[in-house]
Amino acid sequence: MTTSGVLLVGHGTRDAAGTEEFFQLSRCLSDLLSPIPVESALLEFQEPTIAQAWQSLVKCGVDRVHVAPLLLFAAGHAKDDIPSIIRQCQSETPSMVTDQSRPLSRHPELIDLVVQRLSTAVARSSADPDRTAVVMVGRGSHDPCAAADMRVLTEVVRRRVPMAHFETAFYAMATPRVPDVLDKVASSGRFDAVIVHPHLLFSGRLYGAIQKQSTEASSRHPGVRFIVSDYLGPDRRVAKAIAARCGL
């Protein structure tokens, strides 16, 4: 009988709050999948490493590892970095069977969570939907498929959220960039409010930077309100999406 385990791989951050949120999500996933063992690993900045988490699963007696990249879109980490490290781990335990799940992308649980984050921001601001634009902000990637996936996400969310206008922007590595889109939307004269949704998993430097860019846009366009929505966070719906991607 095959005994499965899950290796949850996060990007890693120097931000203490973001790191704690990652491990909080890992605990949520572990509770959801119990008694299937779940081990967490970080690609950068902190431990445990993928190799350390792999060995923990080996000690648990599993003979199949579901590698779950905690990534929103498929880019270099999902396509190259993680598979390379997993191949090295597998070479040391050749009897181990492994598979890698797809990034979270547009899983229905994530779509529902984005819709809730936007709805909460609208309620908090008392914005008129007919005079409100939404700017969906992705981290950005040199991988054109990841950027295209973010644009498709915006279109999917647009069909669920009754706002007057939607735009996609990127913080880095892809265009258009956040300040340019915020200026374009605010200077159109069509909107009294702009909701900025940082499509990020956790707190950290990037979320703070997008908040700062929104504040700077507000100073350039004093007649328009800029409201930054919450990021996704260690929500149970994210854990459910991870489990579904693993086929569990």
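Values quoted throughout were computed directly from the atomic coordinates according to the rules given, and no laboratory measurement underlies them. A quick note: this is a predicted structure, and the numbers were derived from the prediction, not measured. Please note: Cβ atoms are built from the backbone with ideal geometry, for glycine as well, and neighbour counts cover all protein chains shown.
Lys/Arg Cβ at +1, Asp/Glu Cβ at -1, dipole of the chain taken about the Cα centre: which of PRO48, CYS60, SER126 is farthest positive-ward?
SER126
Enter the angle in degrees (range 0 to 90, nearest 10) between the Cα long axis of helix 205-220 and the first principal axis of the Cα atoms of the chain, meaning the one along which they spread out most.
It works out to around 0 degrees.
Pulled fully out, how much extra length does the chain show between THR175 and GLU47, if you take 0.36 nm times their separation in residues and subtract their Cα-Cα distance? Can you show the working numbers first?
On the way: separation 128, 0.36 × 128 = 46.08 nm, distance 3.28 nm.
So the chain would gain 42.8 nm between THR175 and GLU47.
Before rounding to the nearest 500, sum -39500 (n - 2.57) across all DSSP H runs of length at least 4 in the chain and divide by the residue total; then give [θ] at 222 nm in deg cm²/dmol.
-14000 deg cm²/dmol
Determine the dipole magnitude for the chain: charges of +1 sit on the beta-carbon of Lys and Arg, -1 on that of Asp and Glu, nothing else is charged, the reference point is the Cα centre, and the result goes in debye to the nearest 20.
Here the size comes out at about 520 debye.
Under a Cβ-only charge scheme (Lys and Arg +1, Asp and Glu -1), can you give me the dipole magnitude of region 108-228 about the Cα centre, in debye to the nearest 20?
About 200 debye.
How far, in degrees from 0 to 90, does helix 82-92 lean away from the longest principal axis of the Cα atoms of the chain, to the nearest 10?
10
Among GLY189, LEU113, SER218, whose Cα projects farthest towards the positive end of the dipole of the chain, with charges put on the beta-carbon of Lys, Arg (+1) and Asp, Glu (-1)?
GLY189
Going by a ≥ b ≥ c, the root eigenvalues of the Cα gyration tensor, does the chain fall in the rounded group (a/c under 1.5), the prolate group (a/b larger than b/c) or the oblate group?
In terms of gyration-tensor shape, prolate.
Which whole-angstrom value gives the distance between the alpha carbon centres of region 187-213 and region 19-74?
Value for the Cα centre distance between the two parts: 30 Å.
What angle, in degrees between 0 and 90 and rounded to the nearest 10, separates the Cα long axis of helix 16-33 from the longest principal axis of the Cα atoms of the chain?
It works out to around 60 degrees.
Which of GLY18, VAL157, SER30 sits farthest toward the positive end of the charge dipole of the chain, with +1 on the Cβ of Lys and Arg and -1 on the Cβ of Asp and Glu?
VAL157
How many nm is it between the label spots at SER126 and VAL152, if each spot is 7 Å from the Cα in line with the beta carbon?
Output for this residue pair reads 4.0 nm.
ARG102 versus ARG220, label points 7 Å from Cα toward the beta carbon: distance in nm?
Distance between label points: 3.6 nm.
Quote the relative contact order of the chain in percent (integer), defining contacts as alpha-carbon pairs under 8 Å separated by 6+ residues.
23
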